[in-house]
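Encoded as structure tokens, the structure appears first; notes follow it.
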Amino acid sequence: MPLLRIEGVAKSFGNFRAVDKLSLDIRAGEFFALLGPSGCGKTTLLRMLAGFETPDEGRILLGGSDIAQVLPHERPVNMMFQNYALFPHLSVRDNIAFGLKRAGMARKDIATRVAEMVALVKLEGLEKRKPDQLSGGQRQRVALARSLARRPQVLLLDEPLAALDKKLRESTQGELMELQRRLGMTFIIVTHDQEEAMTMAGRIGVMDAGRLVQVATPRNLYEAPASRWIAEFVGDINLFNGQVTARDRGRLTVSTTEAGTLAVSELWPPVTKEAVSVAIRPEKVKLSRRAPASDAGASQPINRLEGVVIDVNYLGGITSYRVKLETGAVVRSSMANTARLDVDAYLAGQRVVAWFTADDCLVLEQ
Amino acid sequence: MAHTVTRLTRFNMTSLALGLAFLYLPIVILVIYSFNASRLVTVWGGWSLRWYHEFFNDRAMLEAAWMSLSVAAVSATLATLLGTLAAVGLARGERFRGRALFSGMLYSPLVMPEVISGLSLLLLFVALNAERGFWTVTIAHTTLTMCFVTVVVQSRLSALDRSLEEAAMDLGCDPVRAFLMVTLPLIVPAIVAGWMLAFTLSLDDVVIASFTTGPGSATLPIRIYSEVRLGVKPEINAICTLVIALIAVIIVVASFASKLSSARGESAAPL
């Protein structure tokens, strides 16, 4: 039995179906991310878990008992709000102690727990400050400490890092993961930032239009997306539409109008339709000046696309190229800048061969 | 920080001085003339506290002042109570049927000509056969000033982040507790401001008071108004100066109180 089981939960606002018969199991101690574009229903789902919204149908089982109709203050679940929602009239200490006082904890125990929480989020010395005397990062820590203080069975985090700048966000991601491992608590995070979800979560649930479209580990989500929509939503991807013309022991031959005939390895489960899209992540597309060696030495077929570099974007760690094929289609390629001085870098206008193996391709139904 | 403050240019200084003079010169003149020894309002006869003395021996005037202050205090308190409840209902309540109508009706005294409000209240009191006096004026002032309190409190409430209340509930407060422990402390400045607004509005109202008051219970503005019709006595200047002083003290005390409450918010937090 999972810690949290969401069973056929639906919620509408007027005519808008925010969450549509959604089911999901979350295990104890898991770091789970709900990822989706804005308006996909991820925040509504989180608010139903917190109790701020009541599902129209379905059950939410926490440790086996249905909490769908339980009021927020009676749930063993806490939430960290996107804008932190710190009480401006209370000090850091009183903000953290707020939930403990309500739980009827003894004064001495509250002091101990608050001190423990302050140390956990490294806010020593700031206990007497008011929220408006803190920096953004410090406020975020207070909000985290406050939501953790009651030791909830599940901690819900609504875009917890959205208000931080990039550097701080990255270090805070690491701290959140470390904290979650140390406390062994179940975290459910809502985010629209796929990098954030991939970095932190053990499993990611992708939502679209109120439904869960895929639940997978970050790697599987990226390398084996369940649909074309997910492939395009998570990361960058090149897509070529075509028809399956031959099938041979898990290898498909797909004839595309934009990129000619491509050899593609088939995933499980196999595609059933003839009309498919071949998808290749840009970092799997390599560029070279001449076509690589013949297939004879390689264990799998190589697809070669000839074209002209039209765009070079140097991004520090990687350089991304856009290559225009003779058909007019554009292939994106990104390559790691492994050497500081790269005399072989490609320039716009240069003729190149973009190539990738059959295993690097995904085949998705259109 | 001083070096970041923009220096006042000559033009800014002049316009500031003119603006302040426009607002405060009449009051300054009134205050100065209240210390006039002369019986004639417009002729300066040297400094004196004569007219203050006169006022404190003028029984009718003192009674009117006392009447005004008690009407203002009671009606402001009632208006604050009702106005705050209305504001909470409008800003936080579920979207009930007829909400737009309710809020429209609530705000009608803001735009209703006072003569009409006064007349309709008079008709009501006559129809109810209520004896006109302290309570009729107080009720009339409560209905007049309540909407001002609602406007002030509601704007503060809607500026307040809803997620604060949600956070309180998330941390174990039922909705009522969440309101008392989080929302109320944060809207206290607006409530105090609303009370003061209601108090001063009631203190200087002539029109509605004159419709709803009865014999022997004139408020200070009515009393002053009727005195002035017989010719301006310097005593009026003294009374007005005292009223101005009272209002100034209220404002200073209120602003100190609100500063104090935000400074010691930590210890003021309910345990």
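Key figures
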| quantity | calculated |
| --- | --- |
| Estimated FRET transfer efficiency when R0 is 22 angstrom, pair A:Trp268-A:Ala345 (beta carbons, to 0.05) | 0.05 |
| Approximate spin-label separation A:Gln153-B:Ala37, in nm, with each point projected 7 Å along Cα-to-Cβ | 8.8 |
| Reach of A:Lys166 by Cα under 22 Å, taken over lysines that are not fewer than 8 positions away in the same chain | A:Lys122 |
| Values of log10 I(q)/I(0), in the order q = 0.11, 0.16 Å⁻¹, for chain B under a Debye, Cα-only, solvent-free model | -0.83, -1.24 |
| Separation of the B:Arg177 and B:Asn12 label points, Cα + 7 Å toward Cβ, nm | 5.1 |
| Estimated vicinal HN-Hα couplings, Hz - segment A:235-245 in sequence order (Karplus 6.51, -1.76, 1.60; Gly, Pro = x) | x, 8, 7, 9, 10, 10, 7, x, 10, 6, 10 |
| Equivalent ellipsoid semi-axes, segment B:92-200, via Cα gyration tensor eigenvalues times 5, rooted, Å | 34, 15, 13 |
| Per-residue ³J(HN,Hα) for segment A:88-96, Karplus 6.51 cos²θ - 1.76 cosθ + 1.60, θ = phi - 60°, Hz, x for Gly and Pro | x, 8, 10, 6, 3, 4, 5, 4, 5 |
| Segment A:284-366 - Debye-derived log10 I(q)/I(0), Cα point model, q = 0.15, 0.22 Å⁻¹ | -0.58, -1.11 |
| Cα-Cα pairs of segment A:113-250 separated by more than 25 Å (percent) | 41 |
| Tensor-based shape of segment A:153-229 (alpha-carbon gyration tensor, a/c under 1.5 rounded, otherwise prolate or oblate) | prolate |
| Dipole magnitude (debye, nearest 20) for chain A, charges at Cβ of Lys, Arg, Asp, Glu | 1120 |
| Amide hydrogen neighbours beyond the local backbone of A:Gln350, cut-off 5 Å, H modeled | A:Val309 |
| D_trans [Stokes-Einstein, Kirkwood Rh over alpha-carbon pairs] for the protein assembly as shown, 20 °C, 1.002 mPa s, µm² s⁻¹ | 68 |
| Label-point gap, in nm, between A:Glu74 and B:Ser70 - each point 7 angstrom along Cα→Cβ | 4.9 |
| Check: segment B:128-209 dipole with +1 on Lys, Arg Cβ and -1 on Asp, Glu Cβ, in debye | 140 |
| Cα shape, segment B:1-87, gyration tensor, a/c 1.5 rule | oblate |
| Rg/Rg_ref, segment B:72-125, where Rg_ref = 2.2 N^0.38 Å and atoms are Cα | 1.34 |
| Per-bin percent of Cα-Cα distances, segment A:200-261 [5 Å] | 4, 16, 20, 17, 18, 13, 10, 3, 0 |
| Entries in A:Lys108/A:Lys128; A:Lys101/A:Lys128; A:Lys101/A:Lys130; A:Lys167/A:Lys324 that, when Cα-Cα distance is taken, lie over 25 Å | A:Lys167/A:Lys324 |
| Over chain A - Rg/Rh using Cα atoms and the Kirkwood inverse-distance radius | 1.07 |
| Acute angle (nearest 10 degrees) that the helix B:10-34 long axis makes with the longest principal axis of chain B, alpha-carbon atoms | 60 |
| Residues with amide H under 5 Å from that of A:Lys21, placed H, sequence gap 5 or more | A:Ala10, A:Lys11 |
| FRET efficiency, 1/(1 + (r/R0)^6) with R0 45 Å, evaluated for A:Met177 and B:Leu49 via beta carbons | 0.05 |
| Residues listed by number, segment B:227-253, amide nitrogen under 18 Å from B:Leu20 label point at 7 Å toward C-beta | B:248, B:252 |
| Cross-link partners of A:Lys11 among aspartates and glutamates (Cα-Cα below 17 Å; sequence separation of 8 or more within a chain) | A:Asp20, A:Glu53, A:Asp56, A:Glu57, A:Asp66, A:Asp208 |
| Length released on extending from A:Arg219 to A:Lys122, taking residue separation times 0.36 nm less the Cα-Cα span | 31.7 nm |
| 5 Å-binned pair-distance histogram of segment A:47-126 (Cα, whole percent) | 3, 13, 19, 19, 17, 14, 10, 5, 1, 0 |
| Reciprocal mean inverse distance between Cα atoms of segment A:1-109 - Kirkwood radius, Å | 15.7 |
| Rounded D (µm²/s) - segment A:176-281, Kirkwood Rh over Cα pairs, Stokes-Einstein at 10 °C, 1.306 mPa s | 101 |
| Where N is the number of residues in segment B:173-212, Cα Rg divided by 2.2 N^0.38 Å | 1.80 |
| For residues of B:142-151, the mean tally of beta carbons on other chains within 10 Å | 0 |
| Average partner coverage of A:80-87, which counts Cβ from other chains inside 10 Å | 5 |
| Reduced Cα scattering model of segment B:199-253, Debye log10 I(q)/I(0), q = 0.16, 0.24 Å⁻¹ | -0.55, -1.02 |
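Coordinate-derived values only; no laboratory data. Quick caveat, the model's predicted, so the values are computed rather than measured. Glycine gets a Cβ as well: all are built from the backbone with ideal geometry, and neighbour counts include every protein chain shown.
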